[in-house]
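J.: Have a look at the structure that comes next, please.
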Ligand SMILES: [Zn+2]
Ligand SMILES: [Zn+2]
Ligand SMILES: [Zn+2]
Ligand SMILES: [Zn+2]
Ligand SMILES: [Zn+2]
Ligand SMILES: [Zn+2]
Ligand SMILES: [Zn+2]
Ligand SMILES: [Zn+2]
């Protein structure tokens, strides 16, 4: 049997939509019929070979794939046919190293990443390690589960590691596919949020989602405005620019925490040592989240605590969708529906 | 009655040793007859007016003053004449702000710093707020208590905020007045230590103090050598140079923590975002320590858990002592004995 | 000038409403004209001399007094005439011991408790240490601030020390003056709440306040019902009975935490060791909260995040009010309005 | 091929030493030739069927088995023939539940326990799940690794969850097979230790191992003596008696933590609520440790940080060894050498 899949054949060429055989699940794998697959900026980096360790060609990107298990490998016991699951960035981890055993599996040195080291979700079918897919609870639609699978869990984890708590103020820089979720998680952790963006549309969205304050960084000075509010206890930056990271640092109160999530092209942020030391500030790198974190993300959504803003596209629109993301013309997360 | 005091009269002139009146303690103050007063690099920054907010001239620097209480102000109840106390950098904090009340008094916005905003310990006498001097327990000599009062508590706190624990590896960059204490505290928290310095003398000292590994950064590549050992879980940098901070970051394992303590002239460290995010790394600013931290530092020393390396100088050698520190010709902390 | 005050003259007699002189603030004190003063069960224990260390007679109970500063002592700088403040249980702490300095002032061995060691808020005026009164922000009425001053901060702190976080389930046993606030704080920390009480009125209130589940412990088995929901991650017990504490322990999931707040007459709870060890369960004692905690409680209320259920009484109804509380006929916190 | 194994055939009969076939490892298992196997009190509970859920008969107890891998199952990739490994109490956990994924695998509801649900180490050979055996580093002998595999990791974890840190005081109640290790771990975490026992021999051992204070609970009052030292910040109780647990609670300072590890016959400890609340005390249940904890325990021993006191026995002495443990005539951990 064949399926359609988006395939990267060269780092400098558009993706091709190919007809290729549906893969067979190995002993520990499940075969998932994909219903929805979210488009993450990382997919574009993968397809362009932007990062030091490049994927082996050809490959199918996508690490927000959500669908129904159609087949399970011979050794699979934890999952069953018919379950809806998500296939996240952490496609596999060793399960025995100190990171895996101590609740930090996203730092496992043996991890395999979906849509990068192994084929991902931008296809009609995908295989995935049974232990690393995460069940999607009833009441969470595939199209909403998809963005939660990376954008959701990544920002949820960022909020978690920040130690944010009620009565603190969190500034979220960039209210897009990730930022609008970061804001909601900050609120769920009890904080007051400040949304920072450069378009009024996004700031209106942030307000609707419950932001206590909004700052237009195109027309105003976010550092001055946030300082005027008393400063931020936590800043989470989804805009992948060193300059924004530096602004975010500057708007922190004493004891504040800056969480790094996005990966700017210019890798280096200039960190002011004096202010960091005297302010007792921490800068915290956070990378996606564990399976337990993703289960929590789904649980919050099933309980009606979050709203996912997305638009759907068809899989054969993948190249124009990439362009939309790169042009920042897209208002929210894009999700391919199969 | 008069006393001798080292006085900064201009930011571009040497200090003068002057005969000035012994100050009278105000209601909440104690008058301390100084026995020993450690020389911290910050004293030099204060005397040179290096930092944005400069001290008001004239003033007496010194925030490692240790001595005996000779007089107490009318409202003092917590301290008594005859007690030996240390007068640390945190000369006063408000006691009521959220930082003071939540155990983070070193972040108090109303704090007054000894030897900077108020006269410090490089004199025969000093007055200090009774609530902010810290008793020196029996068995801790004034000359040893002095370096512990800033160098000790600063590095102790740095280790504390790093979350360092047994079976972890801590790399200490710069085995001088602060570094040799940082190393010992890392060991007291149960860790294995790697000492990094550019002179073999310092590395021999580190070995005697219990370092598991030493790295000469002048003749070898500290990043490569520490990575070969498996990387560091925690790096504490006492060498005030952005390049060393960047090396320290590069030698961290996944989940590692870089603690910033020293203040480089070139304020900006270049922070690699990609490595910080993917490695789940934290960069933590730490500023001196609270009174409770200093009491712990003294308690450890009284219990024989630390060794303080220092040399004594006379107060009228203060200008040559500054030169020694700036030339890096001094093997350890300098302490003025009165 | 005179004022009316409720005075305990003997542990076995009703309180007297007396006309006594308005106290003069000492150097570090403020004089507060009380607007509202909440009635806490502890007031009754104080008036009856129930606890090992009894108050010195005669005295005025009350540690939820809220009012406006009319006079400040000669040494007061942090507060000013005209400010509205609350006078909580922690009337004074030393400010220099390890507990005070490390953010745990409620454990200070030198603390003086309001309405117990020093006269409290059940009067037209009260003096209090300026550093230990807590400003009441605009938008929080005296009558609402009063219950927040003990019932609020106590339950807020209980939730805080439990480490409760989003996606966890918190069971609150006893939806009265404390419990209805505990429930709301648990929700603010992001958790799903289970309200347990023995009257349907209280459970209806809990539902209105956002409880996800309610359990009537008079008609059903709370352990079985909570276990059926998957168990509780955190249980907070406001019903002062060993049997309820034991039930609360039994309804915890693995890794669960039981927070002790209320003080049962029969002091001893029977703790099952086997279940505690195998379940990795913690039992945590929590006593009121710090000034910083109370400031957070007020901030949440000013932001519209909490609702305070109370009824007002006149000061000369204090003896019948005590009876109402003892008979459990009162639907919520009682507040004396002056 | 046959092997000798100690077999429980009935809960009311002595164990039999039987000749039975060497088991074949399943796909995910390894076959370990046992060199040393420590005797834990839990083995006796297992053999007697003391606990609610009893092992299925017949079975071989032992969860401190250490030996060399002789064969690996077809799907095993993480372990290789020739490696020395330990087979701990946690023989298997699901690897996918919230506990397993968040670093708390010892709370996994699907766990299988070695020497209880599956055959254990009191035999010449044992099979074990490859992912759950823990490598024994060079320089750690089998006879020393054995007690570390349960007694070591259990007490190490107890110290870890207590949050014990330098300058704190830890009281260890019962200096036997577990206690002498608990004391050493407390010291490695930087604390000052107080050893409590009823025999002077044990207290002398504790002194040799570095205890700062010793208390003979047979001839003195441990609560009074520990209070005279200032009280304990942490108490760890290895003597399985409710009365000792209650004493341990009574000797805590404000903010103290009591860690429950041992399982007394009389399951119920009487917990004083008043003292727990006012003292801000926590009671923490702790059950063995994870694979990562055990790896840390081995690493500390390989680094020369711990000393293991044990005596060896032959496997066919198992019944008399049980008797020795029950009579408390044994001075330390017993280890069967095969
Ligand atoms: Zn992504
Ligand atoms: Zn791993
Ligand atoms: Zn200094
Ligand atoms: Zn302050
Ligand atoms: Zn109260
Ligand atoms: Zn105190
Ligand atoms: Zn055991
Ligand atoms: Zn599990």
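The values are calculated or read from the model by the stated rules, or taken from the named source; none is laboratory data. Since the structure is predicted, the reported quantities are computational estimates derived from the model, not experimental observations. Please note: Cβ atoms are built from the backbone with ideal geometry, for glycine as well, and neighbour counts cover all protein chains shown.
Residues are listed down the side, and each one gets a yes or a no for (1) out of contact with any strand residue (DSSP E or B) (no Cβ under 7 Å at 6 or more places or on another chain); (2) free of Cβ contacts under 8 Å to residues at least 60 places away in the same chain; (3) more than 16 Å from ligand 1 (Cβ to nearest atom):
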| site | (1), (2), (3) |
| --- | --- |
| D:71 | no, yes, yes |
| D:83 | no, yes, yes |
| D:94 | yes, yes, yes |
| D:101 | yes, yes, yes |
| D:104 | no, no, yes |
| D:107 | no, no, yes |
| D:111 | no, yes, yes |
| D:114 | no, yes, yes |
| D:119 | no, no, yes |
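J.: Just one of the numbered conditions (1) closer than 29 Å to residue D:298 by Cα; (2) out of contact with any strand residue (DSSP E or B) (no Cβ under 9 Å at 6 or more places or on another chain); (3) modelled with pLDDT of 95 or more is not true of residue D:12; which one?
T.: Going through the list (1) closer than 29 Å to residue D:298 by Cα; (2) out of contact with any strand residue (DSSP E or B) (no Cβ under 9 Å at 6 or more places or on another chain); (3) modelled with pLDDT of 95 or more, residue D:12 breaks only (1).
J.: Yes or no: region B:71-88 includes at least one residue that is within 14 Å of chain C (Cβ to nearest Cβ), within 16 Å of ligand 4 (Cβ to nearest atom), within 17 Å of the chain's Cα centre (by Cα) and surrounded by 17 or more Cβ atoms within 10 Å (Cβ to Cβ).
T.: yes
J.: On the basis of being over 18 Å from residue A:165 (Cα atoms) and within 14 Å of chain B (Cβ to nearest Cβ), does residue A:272 make the cut?
T.: In short, yes.
J.: Every residue in region D:15-44 that is in a loop (DSSP other than H, G, I, E, B) and in contact with a strand residue (DSSP E or B) (Cβ under 9 Å, 6 or more places away or on another chain), please.
T.: Passing the criteria: D:15, D:22, D:23, D:24, D:25, D:26, D:28, D:40.
J.: Please list, ordered by residue number, the strands (runs of 3 or more DSSP E) wholly in region A:228-338 having 2 or more residues that are buried (at least 24 other Cβ atoms within 10 Å of the Cβ) and in contact with a strand residue (DSSP E or B) (Cβ under 7 Å, 6 or more places away or on another chain).
T.: Counting at least 2 such residues, we get A:232-237, A:252-260, A:268-272, A:282-285, A:333-337.
J.: Just to be sure, is residue B:66 more than 16 Å from ligand 1 (Cβ to nearest atom), surrounded by 20 or more Cβ atoms within 10 Å (Cβ to Cβ) and under 22 Å from the mean Cα position of the chain (by Cα)?
T.: When the stated conditions are applied, residue B:66 passes them.
J.: Here's a follow-up. Can you work out which of the residues in region B:190-210 that are assigned to a helix (DSSP H, G or I) and in contact with a helix residue (DSSP H, G or I) (Cβ under 7 Å, 6 or more places away or on another chain) is farthest from residue B:166 (Cα to Cα)?
T.: Checking each candidate, the answer is B:205.
J.: Out of everything in region B:26-37 that is more than 20 Å from residue B:92 (Cβ to Cβ) and in contact with a helix residue (DSSP H, G or I) (Cβ under 9 Å, 6 or more places away or on another chain), what residue ends up being farthest from ligand 1 (Cβ to nearest atom)?
T.: Out of the qualifying residues, it is B:35.
J.: Hey, another quick one. How many residues are touching a helix residue (DSSP H, G or I) at 6+ places or on another chain (Cβ under 7 Å), assigned to a loop (DSSP other than H, G, I, E, B) and within 14 Å of chain B (Cβ to nearest Cβ) when one looks only at region C:89-102?
T.: The qualifying residues number 5.
J.: Suppose the filter is at positive phi and within 11 Å of another protein chain (Cβ to nearest Cβ); does residue C:174 pass it?
T.: no
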